[in-house]
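What follows is a single structure, written as C-alpha cells, with notes after it.
The values are calculated or read from the model by the stated rules, or taken from the named source; none is laboratory data. Just so you know, these numbers come straight off a predicted model, no measurement behind them. All Cβ positions, even for glycine, are placed from backbone atoms using ideal geometry, and neighbour counts span all protein chains on display.
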Amino acid sequence: MNKDSLKHILKKFLSLIPMLILISIVIFGALQLTPGNPLTYQIPPELLSSSTFDLEAYEKAMGLDAPVYVQYFRWIWNILRGELGYSLVSGAPIVNMLRTRLPATMELALCGILISSVFGICLGILAAIKQNTLLDYGCTALSVLAISIPEFFMGIIGITIFSLKLGWLPTGGRLVYGDNSFGTRLAHLILPAVVMGLALTGALMRHTRGSLLDVLTRDYIKTARSKGLSERKVYLKHAFRNALIPVTVLLCFRIPGLVGGSVVIESVFGWPGMGGMLLDAISGKDYPVVMITAMIIAFVTLIASFLADLFTMLLDPRVDIER
Amino acid sequence: MKNKKSRNTQGMRQWKKFKRNKMAVIALIVLGILIFASAFAPLLTSYDPEAISLTERTLAPSKTHLLGTDKVGRDVFTRLLYGGRISILIGLTGALGGAIIGAALGCLGGYFGGLLDRFLLRLSELFTTFPQTILVLILVAFMGQGVWNLFIVFWCTGWMGTYRMTRAKILSLREETYVLACQAFGISNRSIMFRHILPNAAGPVIVNITLSTAGYVLQESALSFLGLGVPSSTPTWGNIFNAAKALDVVQAYPWLWLAPGIAISLFVLSVNIIGDGLRDALDPNQ
Amino acid sequence: MKDDIILQVENLHTGFLVDNVPLEAVSGVSFSLKAGRVLGVVGESGCGKSVTAHSIMQLLPKYGRITEGSITYTRATGEKIEIQKLRRTGNQMRQIRGKEISMIFQDPMSSLNPVYPIGDQIAENIREHEKVTKREALDRARKLLEDLEIPSAAERLGDYPHQFSGGMKQRVMIAIAMACNPRILIADEPTTALDVTIQAQIIALMKKLQREHGTSIMMITHNMGLVAEMADEIAVMYMGRIVEYGSIRQVMKSPAHPYTQGLLKAVPVLGMKKDRLYSIKGSTPSLVDRPAGCEFASRCEYATEACRQVPRAVEVEPGHQVRCWNYKEATDNG
C-alpha cells in the first residue's frame, strides 16, 4: 500500500461526512416532529416521574428551550458522548438497550454474510465452470428459489423440520441462561443465520456465475492459456481475481439490507437483537428508539459503501487514484 | 409509419425470444393462474372470507374446506384467494407508482440538469442510505397501518432505482445526434423527452417494474407478518401467514401457514423468472 | 536448414457449434511454415484466418473443434508432433504453448490482465517453462522490455496495464510472447488496433526480433502492405479456404485469383487520388448460408458456369497455387 492509496482512502472516508451530517439532520428533524413533547426523551425518567419535577425549569436549566440549531449541536454532542436519550416506553437509556442488542444482531449478520459468501461464491464458480450442465441448471434454479421464498416462510419451515420434527435445534432465542458453551450458542445461531443469508447466497451465486462467465471470454484469459498455464492457474490466478471484484462490491452493498432483514428474522426466531428492538419500538410508538436505530443502520450503510470502495481499490488497480 | 412497423417486428422478435425460454413461459402461466384465481375469487369459492364459524375451527383440509379452516373457522382457501387480490394489487401498484415517480424525476433531472438535478440526486442518495425495509418500517411507524398508507410508503421508497436508470439513460442519450437533431428542428422539450428518449429507457424499466412487483409482494407479506402492514382484519397473504407466529399453529395446523407461504413463494418465483426472461429477451446484445 | 518446414498444416477443417448447428469456419486449409521465414495470411475479417491460428495453438473457444486434417509441428530435435491429437489442456500441449509456439493477439488493450503488474505477467511465462527464480525471470523481463525499446523498463515492470498506451501494451504482449524465445510466433493482426505511426514501430521491432532470434512468424493480417513488407510467403484466405498461395514475389507480381487482385488494387498508394481507390463489389456471404461452389463467384467479374463447382487448387507455377476455374483469364486481364 503506497502513500497515494492511503490518501485516496482518507479522502473517501472524509467524503462520508457530509452524508452523515445530512442524515443526522434528517433524524433530528424527524425527532422534533414526533408527536408529543419532543424533548421528553432527553430527560432522565427518574426526574420526569418525581413529584417535584418542574418541566419548564428543567428545560431552562438544560437549555432545552434554546433555538433549534443550538439544540441540534447539543444533540450531536450528546450522541458523540454516547448519551442517546431515553426510551419513551421503558425509560431505559437507549445506550444500554443497544449495548445488549447490537452485538446480537452483529453476530447474526456476520454469520449470515459468512455463510452466504462462502456458499454463494463457491456454487457460483462451480455453476460457471460447469456451464450448461445439470449442475449449472440446478444451482441456477436453487438461486432463484433462494431469492424468491420469503425469509419468514423459510424460517418457519426450518423450525418445523429441524426443531419440531427432528429436534436437533432450539426453536429460537440466543443464549440459554447459565449455559454459555459454544455448542448451545452455535445451535441457536445456525438456523437464523442460514435463513438470513439465503437470499444473499442466491444473489451472490448468480452474480458470481455471471461475472466469471464474462471474465472467461476476455482476451487476457486467452493470453494466460497461450502461455501454457494449467487450467487451474488460469482460473485461480487470472479468472477468479477479476471475477470477484464486482461480487465483492455487491456483497458490501447488500450488508445494510441484511441488517434491515434482521427485523423479520429476529421476529421469527425470537433473536434478541436490534431488529426486535426496532419492531417493539415501532409498535410502541417509541420514536427516539426508532430514530436512533435508523441512524445506526444508516451509519452501517455508509460504512458498507466505504468498504465497497476500499475493496475495489485493493482488488482493482485500475481504480483511478487521482480522481 | 415505417418506424412503427420496425418496432412491431422488434417486439415480435423479443416475444419469440421470450417464448423460447420454457421456464419463463411456465412462470407466466402460473402467474396467470394466480392472478385469475384472485380476481375471480367469488366464482371459485362460495365462502365469505370474513365469515367466522366457531363450530368449524382449525379443520384440516377436506372436500368442503380445500385448505382447511383457521382458528376462528374461516375457510383458508377463500381467504387465500381474497388475500391475493390485496397482496398482488399492493405489489403491482407499488412497483408501478415507484417506477412512474422515478421515471418522471429521472427525466426532469436528467434533461434539465442544474440545481434540480443535483437536489434529486442527493435526495436519492439519502433515501438509498437506508435499507428499504427500514425506510418502510419507519414510515409505517409514523403513518400507521393501512392499505393506502402502504401504497404511499412504497411509492416514497421505491422510486430511486428507476430514477437512476432513467437519468443515466437520458444523460447518455441527450448528447446523441438524433436528439440534437430534434432540438434543431424545434421539437419541444416535452415531446423530445416522452416521444424520443423515454422509449429508449423502457426495456430496463419494464424489467425493474417486474422484479420490484415481486419485491413489494414480499415486503407487504413481511410487514403484515410482523403486524405492521395491512390491518389484520383484511385478508392478505402476509396476514394469513401471521398465524404462524404462534408455535402451536406451526406444529399442529401446518395448512394455516403452508398455504399462504406457498402462494407468496409461487407468485414471487414466477415473477422473478419472468423478469429474468424479459431481461434476456429485451437485451439486444444476446 | 533454411527451408526446413517447421509447421505443416494439412487439409485443416475447424468448425463451431452455434445453437447446436455445426458451422465450418475453416474448410480444408493447407500450408507450411519454413524455419526462420515469415508467412503472411491475408483476408478480410471472418475469413477463418484467426480460427486457423487458434487451431494451431489449440486455443479455440469451447464450442470450436478441429474436425479434420492435421497440424504437424517439428521440434528442434526433429521430433514431429501432431498438434491436433494433443489434449487441449494436456501437459504436452502446454509445454509447446508459450514455449515453442507463442501468439500475439489483436487487441493489446484487453489482452493483458488488468490486475497484475506487467513484469509479473512477462515473468509468469518464463517461470512456467523454465526453472528460474522470480528475480531472474523479472530481470529477463526487463531485458526484453529494453529490447523492445520501452523507456525506463526497470521502473515500469511494476506498472499495471492501464498505465500503458496501446502501442506500449502491444510491446508488452510481444515481450510475453518472445519471453521463452519461441520457434514460432503467431501474430494475429498485431497492429490493427494501433495508430498508423505506432504500427510502423511495432512492425520494425518484430522484424528486428525475427532477425536476431531467427523466429518463424505466421503473420495474420488484412493489410496487404504489411504482408508485402514482412512476409516471404503469402496465403490469401476467403471464406475458410486458401484461394491463393505462393511466394511473395509470385503473388504480388502476378496475382492469379480475382480476389487477390481485388485486395491488391484496394491498397492505397501514397500520392494516389482518393476517389480512384478500388473496392471489391458486394460483401462476403455469411457462413450460415454458404453458397454452393466457389464462394467468391457472386462477387467475381470472371464468374462462369464452372464456378458452381468448388474449384480445386491448381499450380500456376512451381510453389504458386490458386483455387479458381478461370485464373488464366483473370491473370491475363488483371
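Scoring C:Leu185 on the criteria (1) crowded, with 23+ Cβ neighbours inside 10 Å; (2) within 24 Å of A:Arg318 (Cβ to Cβ) leaves a single failure, condition (2).
Rundown of residues vs (1) under 29 Å from A:Arg318 (Cβ atoms); (2) within 14 Å of chain C (Cβ to nearest Cβ); (3) in a helix (DSSP H, G or I); (4) at pLDDT 90 or above, yes/no style:
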site	(1), (2), (3), (4)
A:Ile156	no, no, yes, no
A:Ile161	no, no, yes, no
A:Trp168	no, no, no, no
A:Gly172	no, no, no, no
A:Leu189	no, no, yes, no
A:Thr201	yes, no, yes, yes
A:Arg225	yes, yes, yes, yes
A:Leu229	yes, yes, no, no
A:Arg241	yes, yes, yes, no
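A count restricted to region B:230-244 and to residues that are within 12 Å of chain A (Cβ to nearest Cβ) and either at pLDDT below 80 or not in a helix (DSSP H, G or I) (or both) stands at 2.
When the residues of region A:203-222 are filtered to those that are farther than 19 Å from A:Ser117 by Cβ and touching a Leu at 6+ places or on another chain (Cβ under 7 Å), the one that is nearest to the other protein chains (Cβ to nearest Cβ) is A:Tyr220. Consider C:Ser32 carefully, then state whether it is of a type outside the set (D, E, K, R), surrounded by fewer than 19 Cβ atoms within 10 Å (Cβ to Cβ), under 30 Å from C:Pro291 (Cβ atoms) and away from chain A (no Cβ under 14 Å). Taking the combined requirement at face value, the residue satisfies it. Of the set (1) within 23 Å of the chain's Cα centre (by Cα); (2) within 14 Å of chain B (Cβ to nearest Cβ); (3) not charged (D, E, K, R), all apply to A:Val118 but (2). A:Lys237: basic (Lys, Arg), closer than 30 Å to C:Ala123 by Cα and either outside any helix (DSSP H, G or I) or within 11 Å of another protein chain (Cβ to nearest Cβ) (or both), yes or no? Here the answer is yes, as A:Lys237 does meet what is asked.
Taking the criterion of being within 9 Å of chain A (Cβ to nearest Cβ) and among the polar types (S, T, N, Q), the residues of region C:82-107 that qualify are C:Thr89, C:Asn91, C:Gln95, C:Ser102, C:Gln106.
Take the residues in region A:243-265 that are closer than 17 Å to B:Gln132 by Cα and either touching a residue at least 60 places away in the same chain (Cβ under 8 Å) or in contact with a strand residue (DSSP E or B) (Cβ under 9 Å, 6 or more places away or on another chain) (or both); name whichever of them is surrounded by the most Cβ atoms within 10 Å (Cβ to Cβ).
Quick first cut of region A:243-265, residues closer than 17 Å to B:Gln132 by Cα only: A:250-265.
Next, from what is left, pick out any that are either touching a residue at least 60 places away in the same chain (Cβ under 8 Å) or in contact with a strand residue (DSSP E or B) (Cβ under 9 Å, 6 or more places away or on another chain) (or both): A:251, A:255, A:258-259, A:261-262, A:264-265.
Details: A:Leu251: 25, A:Ile255: 22, A:Leu258: 25, A:Val259: 26, A:Gly261: 25, A:Ser262: 30, A:Val264: 25, A:Ile265: 27.
Looking at residues that are closer than 17 Å to B:Gln132 by Cα and either touching a residue at least 60 places away in the same chain (Cβ under 8 Å) or in contact with a strand residue (DSSP E or B) (Cβ under 9 Å, 6 or more places away or on another chain) (or both), I get A:Ser262.
If the condition is being over 28 Å from the mean Cα position of the chain (by Cα) and aliphatic (A, V, I, L, M), then region C:138-152 contributes only C:Leu138.
Restricting attention to region C:122-138, the residues being within 21 Å of C:Met93 (Cβ to Cβ) and in a helix (DSSP H, G or I) number 6.
The single condition among (1) at pLDDT 90 or above; (2) within 30 Å of C:Arg94 (Cα to Cα) that A:Asp214 does not satisfy is (1).
Conditions tested, residue by residue: (1) closer than 28 Å to C:Pro61 by Cα; (2) hydrophobic (A, V, I, L, M, F, W, C); (3) outside the structural domain of C:Ala35 (by TED's automatic domain parsing).
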site	(1), (2), (3)
C:Gly90	yes, no, no
C:Met93	yes, yes, no
C:Arg135	no, no, yes
C:Leu144	no, yes, yes
C:Leu148	no, yes, yes
C:Ala177	yes, yes, yes
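Pick from B:Phe127, B:Phe142: which is part of a helix (DSSP H, G or I) and under 22 Å from the mean Cα position of the chain (by Cα)?
Numbers: B:Phe142 fails: under 22 Å from the mean Cα position of the chain (by Cα).
Of the residues listed, the single one that is part of a helix (DSSP H, G or I) and under 22 Å from the mean Cα position of the chain (by Cα) is B:Phe127.
Matching residues to (1) in contact (Cβ under 8 Å) with a residue 60 or more places away in the chain; (2) closer than 23 Å to B:Ile52 by Cα; (3) surrounded by fewer than 24 Cβ atoms within 10 Å (Cβ to Cβ):
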site	(1), (2), (3)
B:Glu220	yes, no, no
B:Leu223	yes, no, no
B:Thr234	yes, yes, yes
B:Leu247	no, yes, yes
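Suppose we filter C:Ile150, C:Ile126 for residues that are out of contact with any Cys (no Cβ under 9 Å at 6 or more places or on another chain) and more than 8 Å from every other protein chain (Cβ to nearest Cβ); which single one remains? Write out each step before concluding.
Details: C:Ile126 fails: out of contact with any Cys (no Cβ under 9 Å at 6 or more places or on another chain).
Result of the check over C:Ile150, C:Ile126: C:Ile150.
Which one is farthest from A:Phe119 (Cα to Cα) among residues in region A:276-285 that are within 9 Å of chain B (Cβ to nearest Cβ) and crowded, with 24+ Cβ neighbours inside 10 Å? Write out each step before concluding.
Keep residues of region A:276-285 that are within 9 Å of chain B (Cβ to nearest Cβ), which gives A:278-279, A:281-283, A:285.
With the extra rule that they be crowded, with 24+ Cβ neighbours inside 10 Å, the set shrinks to A:278, A:281.
Working: A:Leu278: 30, A:Ala281: 34 Å.
Filtering first and then ranking leaves A:Ala281.
Every condition in (1) facing another protein chain (nearest Cβ under 9 Å); (2) in a helix (DSSP H, G or I); (3) closer than 17 Å to C:Asn181 by Cβ holds for C:Ser110 except the one numbered (3). Restricting region B:140-157 to residues that are surrounded by fewer than 20 Cβ atoms within 10 Å (Cβ to Cβ) and at the interface with chain A (Cβ under 10 Å from one of its Cβ atoms) leaves a set whose member that is farthest from B:Ile88 (Cα to Cα) is B:Phe142.
Scan region B:249-261 residue by residue and report those that are more than 8 Å from every other protein chain (Cβ to nearest Cβ) and without any contact (Cβ under 8 Å) to a residue 60 or more places away in the chain. Quick ask: steps written out before the conclusion?
Within region B:249-261, the subset more than 8 Å from every other protein chain (Cβ to nearest Cβ) is B:249, B:252-253, B:255-256, B:258-260.
Residue satisfying the conditions is B:Leu258 alone.
Against the numbered list (1) within 30 Å of C:Ile56 (Cβ to Cβ); (2) surrounded by 22 or more Cβ atoms within 10 Å (Cβ to Cβ), A:Arg209 comes up short only at (1).
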